[in-house]
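Asker: Sending over a structure as structure tokens; questions will come in a sec.
The values are calculated or read from the model by the stated rules, or taken from the named source; none is laboratory data. Since the structure is predicted, the reported quantities are computational estimates derived from the model, not experimental observations. Using ideal geometry, Cβ is built from the backbone for each residue, glycine included, and neighbour counts are taken over all protein chains shown. What goes into the accessible areas is simple: the full protein's heavy atoms, side chains included, and nothing from ligands, DNA or RNA. Shrake-Rupley method; radii C 1.70, N 1.55, O 1.52, S 1.80 Å.
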Amino acid sequence: MSGVWPGSAFTRRDGELLVGGVGLRDLAERFGTPLHALDEEEVRRRCQAFRRAFPGADVAYAGKAFLCRAMAGWVAEEGLALDVCSAGELAVARAAGFPAGRILLHGNAKTPEDLHDALEYGVGRIVVDSFHEICRLATLRPASRLLVRVTPGVDGHTHAAMNTGVDGQKFGFPLSTGAAAEAVRRVLAQPGLTLGGLHCHLGSQITGAAAYEEAVRRMVALLAAVREEHGVTLDELDLGGGFGVAYRPGEPELDPETAGEAIGKTLRAACAEHRTPVPRLTIEPGRAIVARAGVTVYRVLGVKRGLVAVDGGMSDNPRPGLYGARYTARLVGRRTTCAEREVTVVGRHCEAGDVLARDVPLPADVRPGDLLAVPVTGAYHHAMASNYNLVRRPPVVGVGFGRARLLVRRETPEDLLLRDVG
Ligand SMILES: *Cc1c(COP(=O)(O)O)cnc(C)c1O
């Protein structure tokens with residue numbers, strides 16, 4: 001069980017909420033609303049927590065959760081590696097000077113541009129996802145190590161749209177059909193390719209360690225089978241990301257210590273059982289690094305019939321619509337003694353489904369002009385934002401050590417018109 005605000009969050013007596021030592025009302029006045037505040041210290045603390053919980057492992061931040069140059073820089077300084085899955089994410093990593101050798105390229109359908117740019121920059125690892133891709137890579141002869149993405153057939157017990165470890169979804173080579181073993185065979189048969197190890201990713205928002213433990217047992221069995229068949233000892237096992245976080249107070253989350261201990265123990269036991277050397281572990285947390293570092297600040301524009309409408313919505317947070325995700329919200333920037341009542345916070349978009357937080361207790365005197373803060377918005381929010389209704393995407397403001405710094409500016413009408421070249 002866990003809280004949902006960044007560790008630095010602190011409510012002053014006047015009702016102002018400080019994050020990273022900076023007041024959210026001050027931020028709203030300086031940068032406008034809606035805005036995303038991102039707590040640098042929280043990001044760094046979580047990077048450190050994963051490194052401590054998985055000693056000896058390579059911790060790769062999954063950049064798709066949120067990436068900008070500053071974020072890439074923090075992650076690099078904390079000694080993490082970086083997952084990218086497009087030429088765009090790679091371009092940001094490059095612009096931040098992220099060391100190429102510590103970058104992994106993912107994707108079930110990598111474009112020629114993705115592969116070209118990754119090879120040009122010299123990324124350390126490429127995770128292969130199809131037989132066709134093995135053929136393409138064989139002609140490109142990359143210097144990168146390859147990992148074969150295996151679908152271990154383990155159910156992460158998460159939302160179907162995020163359940164990537166089961167057979168029948170679009171990622172990876174199924175273990176059950178023998179496709180994974182065949183992929184290993186084909187990579188090893190290519191003299192121009194270097195097979196480094198195996199990869200799997202069970203999905204996202206996984207709140208128990210059991211699915212990871214089952215994946216470890218199945219993946220170690222495959223490592224042992226590869227050793228038996230080819231006499232090749234693969235020295236890397238990448239278990240992907242998916243470590244779940246709480247979005248509302250009291251929801252379960254998978255903390256790094258629990259996961260690290262369970263996975264490490266199971267890995268050593270499974271390797272002993274198969275008499276195979278313990279591979280170096282790689283994990284790829286995205287959400288668990290950055291989700292709780294983010295807080296979104298909205299301004300209330302209207303109140304009617306238990307609905308509080310704010311100046312953002314599904315364009316800055318598509319997750320309620322995509323996954324039925326639930327959020328909490330609170331009033332910030334002023335004090336009130338008014339009793340609370342349950343309301344639903346809705347956005348400004350032209351869809352009835354544009355709901356940000358259903359049934360949340362807010363003071364009964366919430367009125368237009370007030371500021372609301374929604375926590376746990378650091379991952380898959382700005383990264384998934386759209387321009388629906390030609391609403392301009394909000395800025396990302398880095399906070400920490402009592403200071404605020406604009407990391408990504410708000411879009412302008414000119415930004416929208418720049419691409420409209422007809
Ligand atoms: C999405 C993804 C991750 C990160 O998932 P989180 O739930 O954000 O931890 C890691 N690895 C791969 C291959 C992914 O697709």
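Asker: Which residue is nearest to the ligand (Cβ to nearest atom), if the candidates are limited to region 174-204 and must be in contact with a Phe, Trp or Tyr (Cβ under 8 Å, 6 or more places away or on another chain) and of a type outside the set (G, A, S)?
Answerer: Quick first cut of region 174-204, residues in contact with a Phe, Trp or Tyr (Cβ under 8 Å, 6 or more places away or on another chain) only: 179-180, 182-183, 186, 201-202.
Narrowing further to those that are of a type outside the set (G, A, S): 182, 186, 201-202.
Working: E182: 21, R186: 21, H201: 4, L202: 9 Å.
Per the criteria, the residue is H201.
Asker: Taking the stated definitions as given, is L67 touching a residue at least 60 places away in the same chain (Cβ under 8 Å), open to solvent by less than 40 Å² (accessible area, probe 1.4 Å) and of a type outside the set (G, A, S)? If you could, list the steps in order and put the result at the bottom.
Answerer: Values: touching a residue at least 60 places away in the same chain (Cβ under 8 Å): yes; open to solvent by less than 40 Å² (accessible area, probe 1.4 Å): yes; of a type outside the set (G, A, S): yes.
It is true that L67 is touching a residue at least 60 places away in the same chain (Cβ under 8 Å), open to solvent by less than 40 Å² (accessible area, probe 1.4 Å) and of a type outside the set (G, A, S).
Asker: Now a separate question. Under 8 Å between Cβ atoms, which residue pairs at least 6 apart in sequence (or on different chains) link something in region 335-363 that is farther than 27 Å from R393 by Cβ with a partner that is open to solvent by 20 Å² or more (accessible area, probe 1.4 Å) and aliphatic (A, V, I, L, M)?
Answerer: That search, which allows pairs on different chains as well, returns C338/A364; A339/A364; E340/A364; R341/A364; P363/A339.
Asker: Scanning for something aliphatic (A, V, I, L, M), surrounded by fewer than 19 Cβ atoms within 10 Å (Cβ to Cβ) and within 19 Å of the chain's Cα centre (by Cα), does region 375-384 turn up at least one residue? Don't jump to the end; show me each part of the working.
Answerer: Applying the first criterion (aliphatic (A, V, I, L, M)) to region 375-384 yields 376, 379, 383-384.
The next check asks that each one be surrounded by fewer than 19 Cβ atoms within 10 Å (Cβ to Cβ); those that pass are 383-384.
So of that shortlist, the ones also within 19 Å of the chain's Cα centre (by Cα) come out as 383-384.
Checked against the condition, which is being aliphatic (A, V, I, L, M), surrounded by fewer than 19 Cβ atoms within 10 Å (Cβ to Cβ) and within 19 Å of the chain's Cα centre (by Cα), region 375-384 yields at least one hit.
Asker: Among (1) open to solvent by 40 Å² or more (accessible area, probe 1.4 Å); (2) over 21 Å from L115 (Cβ atoms), there is one condition A224 misses while meeting the rest; what is its number?
Answerer: The number of the failed condition is (1).
Results for (1) touching a residue at least 24 places away in the same chain (Cβ under 8 Å); (2) touching a strand residue (DSSP E or B) at 6+ places or on another chain (Cβ under 7 Å); (3) of a type in the set (G, A, S), shown as yes or no for each residue.
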{"site": "A109", "(1), (2), (3)": "no, no, yes"}
{"site": "E133", "(1), (2), (3)": "no, no, no"}
{"site": "L146", "(1), (2), (3)": "yes, yes, no"}
{"site": "A161", "(1), (2), (3)": "yes, no, yes"}
{"site": "G165", "(1), (2), (3)": "yes, yes, yes"}
{"site": "A181", "(1), (2), (3)": "yes, no, yes"}
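Asker: Six or more apart or on different chains, Cβ under 6 Å: which pairs go from a residue in region 279-306 that's open to solvent by less than 10 Å² (accessible area, probe 1.4 Å) to one that's away from the ligand (no atom under 16 Å from the Cβ) and small (G, A, S)? Could you list them?
Answerer: Sorted first by the residue in region 279-306, then by its partner, the pairs are V295/A37; V295/A373; V297/A28; V297/A373; Y298/G312.
Asker: May I pose another question? If I ask for residues that are within 19 Å of V128 (Cα to Cα) and either polar (S, T, N, Q) or buried (at least 21 other Cβ atoms within 10 Å of the Cβ) (or both), which ones from region 139-162 would you list?
Answerer: Applying the first criterion (within 19 Å of V128 (Cα to Cα)) to region 139-162 yields 139-153.
Correct list: T139, S144, L146, L147, V148, R149, V150, T151, P152.
Asker: Kindly evaluate G73 against the criterion of being in a loop (DSSP other than H, G, I, E, B) and either open to solvent by less than 10 Å² (accessible area, probe 1.4 Å) or modelled with pLDDT of 95 or more (or both). Talk me through it step by step, then tell me what you get.
Answerer: On the way: in a loop (DSSP other than H, G, I, E, B): no; either open to solvent by less than 10 Å² (accessible area, probe 1.4 Å) or modelled with pLDDT of 95 or more (or both): yes.
For G73, the condition - in a loop (DSSP other than H, G, I, E, B) and either open to solvent by less than 10 Å² (accessible area, probe 1.4 Å) or modelled with pLDDT of 95 or more (or both) - is not met.
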